[in-house]
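> This is the structure I want to talk about, given as structure tokens.
The values are calculated or read from the model by the stated rules, or taken from the named source; none is laboratory data. Please read all numbers here as calculations on a predicted model, not as lab measurements. Positions of Cβ are backbone-derived with ideal geometry, glycine not excepted, and every protein chain shown enters the neighbour counts. These accessible areas exclude ligands, DNA and RNA; they are computed on the full protein's heavy atoms, side chains included. Shrake-Rupley method; radii C 1.70, N 1.55, O 1.52, S 1.80 Å.
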Amino acid sequence: MPDDHPRCRSCGSDSLSVFLSLGKTPLADALVRTEAVDDPEERYPLEVAFCSECTLVQILEEVPPDRLFGRDYLYFSSFSPQLLQHSRENAFRLVHELGLGADSLAVELASNDGYLLRNFAERGVPVLGIEPAPEQATAATADGIPTLREFFTLEVAHRLRAEGRAADVIIANNVMAHVPDLNGFVAGMEVLLSDNGVISVENPYVRDLVERCAFDTVYHEHHCYFSCGAVDRLMRRHGLFLNEVTYFPDLHGGTLRWQMSRKEGYSEAARRHLDDEARLGLNEFAYYDGFGARVEKVRRDLLELLQKLRADGHTIAAYGAAAKGSTLLNYVGIGADLVDFVVDRNTYKQGLLMPGVHLPILPPEALLEHRPDFLLLLAWNFKDEIIRQQADYLAGGGRMIIPVPAPRILQDPSAGASPAHDRNREKRP
Ligand code: DWN
């Protein structure tokens, strides 16, 4: 096989089959400064493949991490109250279950602005953040969270152990999918973990990507899209064992938390998830094979809906300068001819332009100032929070559009939160 044939990021196999191609897209979080609007923007192929050897779903392109998570990376976890609450509950759960205290060490990989570790510190547990993005690392340090400003690698893990630091808990939320050297990252976690330590990893769940047609969660930061089986096989390769699986249907469009340790043994929930995946076919290519056609239909239907609304004289804005929003806007082809502006609470993003389509990003207050007839929810994963927050806009007649799994105009936002999609109790097909 020629050297340039892509290899699986987990097992190294060349048995990769592409099932989705989103074309060449700009980097999803590379927001554009207005003075640079005429500068050429880097675009990279965005193709998603399935490995028939270890069942890992992954993109084929590899963008250098410092292009993705440099000074232009403006994602701050603390702009999401839902994520803050979720993280606080997880931290306190771990402190309690693991009996962490002043002699323990909690390490977070990709600790962002310290949004999670601050909860361990509040309970008197020593912490260490590892965060390469400069703005986020600076914000965490200013908040009193000791932070190493670098990418976590096997070498960093060995250095920390050589300094006598072993982690009693390692948290890696929305980062294991982001690392190009997946095996180096997991090997590093194994080195850094104390003998009885626990690793807690969270990432969007590949089953929700397919079942909710959440193709917009595919972008170059996300190298991998994990199933329980793929995580199980990846961890065993490094002497770690999947013990627990917890499903969060309303976090980032469907998130799983995998908990690992040096001890082998599945909880009932872990066993159930693995059995469900085998039964549904997540370990086979056929499960992913028709996904591309479904995505193409969403593209056509959403474009048609927006074009009709504009033809009828309506105005449209969008909510959430999210990475997923960048994928959606660029893949569907939604520009200033259809959408006037995007709003976002993240003050670091305001005043910039969305990648590729160059839609201006304004504060959410612009919705009451301009009162667009329709609001396309790019951050649809925060629908309930945004409905609550934008009650005045809705009361004034504003209408929301949800793009996935199928484009629809939200009929009665006062209906509030959609019932949690809890598979743990749904009827089995
Ligand atoms: O993996 C990643 C996921 C987990 O988060 C990161 N690499 C990047 C990021 O992806 P994203 O940008 O698609 O995630 P979010 O959190 O869905 O983005 C939401 C956007 O909406 C943020 O820019 C913040 C903004 N927001 C807002 O303006 N008002 C969010 C909330 C909750 C709000 O009320």
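> Filtering segment 144-184 down to residues that are touching a residue at least 60 places away in the same chain (Cβ under 8 Å) and polar (S, T, N, Q), which residue is surrounded by the most Cβ atoms within 10 Å (Cβ to Cβ)?
In this case the residue turns out to be Asn173.
> Residues being within 19 Å of Glu131 (Cβ to Cβ) and either among the aliphatic types (A, V, I, L, M) or open to solvent by less than 30 Å² (accessible area, probe 1.4 Å) (or both): count how many of those fall in segment 50-68.
Quick first cut of segment 50-68, residues within 19 Å of Glu131 (Cβ to Cβ) only: 63-68.
If we keep only those that are either among the aliphatic types (A, V, I, L, M) or open to solvent by less than 30 Å² (accessible area, probe 1.4 Å) (or both) too, we end up with 63, 68.
Within segment 50-68, residues that are within 19 Å of Glu131 (Cβ to Cβ) and either among the aliphatic types (A, V, I, L, M) or open to solvent by less than 30 Å² (accessible area, probe 1.4 Å) (or both) number 2.
> Looking only at residues in segment 101-114 that are within 16 Å of Val198 (Cβ to Cβ) and touching a helix residue (DSSP H, G or I) at 6+ places or on another chain (Cβ under 7 Å), which one is surrounded by the fewest Cβ atoms within 10 Å (Cβ to Cβ)?
Only one residue tops the list, namely Ala106.
> Something else about it: Looking at Ser78, is it touching a Ser or Thr at 6+ places or on another chain (Cβ under 9 Å), in a helix (DSSP H, G or I), in contact (Cβ under 8 Å) with a residue 12 or more places away in the chain and within 28 Å of Gly114 (Cα to Cα)? Working first, answer last.
Details: touching a Ser or Thr at 6+ places or on another chain (Cβ under 9 Å): no; in a helix (DSSP H, G or I): yes; in contact (Cβ under 8 Å) with a residue 12 or more places away in the chain: yes; within 28 Å of Gly114 (Cα to Cα): yes.
Considered against the rule, which asks whether it is touching a Ser or Thr at 6+ places or on another chain (Cβ under 9 Å), in a helix (DSSP H, G or I), in contact (Cβ under 8 Å) with a residue 12 or more places away in the chain and within 28 Å of Gly114 (Cα to Cα), Ser78 comes out as no.
> Now for a different question. From the set of residues in segment 235-260 that are aromatic (Phe, Trp, Tyr) and farther than 16 Å from Glu277 by Cα, which is farthest from the chain's Cα centre (by Cα)? Before you say what the answer is, go through the steps one by one.
Just the residues of segment 235-260 that are aromatic (Phe, Trp, Tyr), to begin with: 241, 247-248, 258.
Those still in the list that are farther than 16 Å from Glu277 by Cα too: 241, 248.
Numbers: Phe241: 23, Phe248: 13 Å.
Across segment 235-260, the extreme among qualifying residues is Phe241.
> Look through Phe50, Phe92, Phe76, Phe69 and report the one residue that is farther than 13 Å from His220 by Cβ, at pLDDT below 95 and either within 15 Å of the ligand (Cβ to nearest atom) or not polar (S, T, N, Q) (or both). Full working, then the answer.
Details: Phe50 fails: at pLDDT below 95; Phe92 fails: at pLDDT below 95; Phe69 fails: farther than 13 Å from His220 by Cβ.
That would be Phe76, the only listed residue that is farther than 13 Å from His220 by Cβ, at pLDDT below 95 and either within 15 Å of the ligand (Cβ to nearest atom) or not polar (S, T, N, Q) (or both).
> Scanning segment 330-348 for residues that are within 12 Å of the ligand (Cβ to nearest atom) and buried (at least 24 other Cβ atoms within 10 Å of the Cβ), which turns out nearest to Ala139 (Cα to Cα)? Working first, answer last.
Initial filter on segment 330-348 (within 12 Å of the ligand (Cβ to nearest atom)): 342-348.
Still in the list and also buried (at least 24 other Cβ atoms within 10 Å of the Cβ): 342-344.
Values: Val342: 25, Val343: 23, Asp344: 19 Å.
Filtering segment 330-348 for residues that are within 12 Å of the ligand (Cβ to nearest atom) and buried (at least 24 other Cβ atoms within 10 Å of the Cβ), the one nearest to Ala139 (Cα to Cα) comes out as Asp344.
> Checking the conditions here, which among Leu305, Leu274, Leu242 is out of contact with any helix residue (DSSP H, G or I) (no Cβ under 7 Å at 6 or more places or on another chain) and among the aliphatic types (A, V, I, L, M)?
Values: Leu274 fails: out of contact with any helix residue (DSSP H, G or I) (no Cβ under 7 Å at 6 or more places or on another chain); Leu242 fails: out of contact with any helix residue (DSSP H, G or I) (no Cβ under 7 Å at 6 or more places or on another chain).
From the options Leu305, Leu274, Leu242, the qualifying one is Leu305.
> In segment 273-314, which residues are crowded, with 16+ Cβ neighbours inside 10 Å and within 16 Å of Leu377 (Cα to Cα)?
Val298, Arg299, Leu302, Leu305, Leu306, Leu309
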